[in-house]
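To keep things clear, I will list the structure first and then write my remarks on it.
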Amino acid sequence: VQALEKNPAYLTIYAAQGVDSNLVDLIPKTVKGDLGVDDTRLYALSYYHPLETPEVVQWGFDFLRISNTRTGVEAVLVKHEGLQANWEADLAWQLRFTPWQISQLRVRPGIGLGLSYAFGTPTYEDGPKGHPERRYRLQNFNSYELEWSLEKAPSVALITRIHHRSGIYGLIAPPRVGSNFIGMGIRYSF
């Protein structure tokens with residue numbers, strides 16, 4: 001089991017813009033320059049608490065040769081404005097992968113999977129096909145990010161992040177329910 005000293009806690013502040021795309025098409029549309037943005041934003045504050053990686057999970061990482069992968073729990077508090085004006089709370093299990101070293105720059109990919117609860121009506125999100133006006137407060141929450149830091153100052157980083165809420169293809173809410181936001185922010189590790 002890995003030591004917690006190598007997996008610091010962190011605080012992140014980020015802002016994100018709502019985008020008119022489902023998750024699967026988001027990256028291809030961004031690369032093509034065909035990504036539509038909507039008049040809605042979110043502002044978020046998150047806290048990541050490191051956890052020891054379970055041995056069975058660490059064994060899988062070692063088998064796949066993904067060493068230096070870290071796990072923890074991230075709690076996110078979100079304020080929406082624009083086409084949607086409500087608060088949101090998220091709790092996710094995070095995987096932080098081995099950073100890529102590009103000269104003096106370190107880029108660490110990370111993903112999170114958990115639950116999201118909207119306080120109020122998430123009016124920006126898509127409703128189900130048969131009832132487009134219906135909204136769901138409890139949904140799946142995913143985060144996909146890249147953390148950018150300098151090798152000499154690893155405790156301060158820029159992050160780029162996709163903030164995703166969905167019904168997980170009908171598992172929590174009907175298919176085609178949810179929203180996607182693309183953003184960036186600042187992270188301080190301690």
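Below is a table of values for the structure above.
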| item | result |
| --- | --- |
| From the options I162, I172, I186, residue that is part of a loop (DSSP other than H, G, I, E, B) and either touching a Phe, Trp or Tyr at 6+ places or on another chain (Cβ under 9 Å) or crowded, with 21+ Cβ neighbours inside 10 Å (or both) | I172 |
| Of all residues in segment 143-159 being among the charged types (D, E, K, R) and open to solvent by 50 Å² or more (accessible area, probe 1.4 Å), the one that is farthest from the chain's Cα centre (by Cα) | K152 |
| Strands (runs of 3 or more DSSP E) (entirely within segment 22-136) containing at least 3 residues that are farther than 20 Å from I168 by Cβ and in contact with a strand residue (DSSP E or B) (Cβ under 7 Å, 6 or more places away or on another chain) | 37-51, 70-82, 105-119 |
| Given (1) touching a strand residue (DSSP E or B) at 6+ places or on another chain (Cβ under 9 Å); (2) touching a residue at least 40 places away in the same chain (Cβ under 8 Å); (3) in a loop (DSSP other than H, G, I, E, B), index of the condition S149 fails | (3) |
| Search result, residues across segment 46-66 that are open to solvent by 70 Å² or more (accessible area, probe 1.4 Å) and not hydrophobic (A, V, I, L, M, F, W, C) | Y47, H49, E52, E55, D62, R65 |
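The values are calculated or read from the model by the stated rules, or taken from the named source; none is laboratory data. Because the structure is a prediction, the values reported are computed rather than measured. Cβ coordinates were reconstructed from backbone atoms using ideal geometry, including for glycine residues, and neighbour counts include every protein chain displayed. When the accessible area is computed, the model is the full protein with side chains, heavy atoms only, and any ligands, DNA or RNA have been set aside. Shrake-Rupley method; radii C 1.70, N 1.55, O 1.52, S 1.80 Å.
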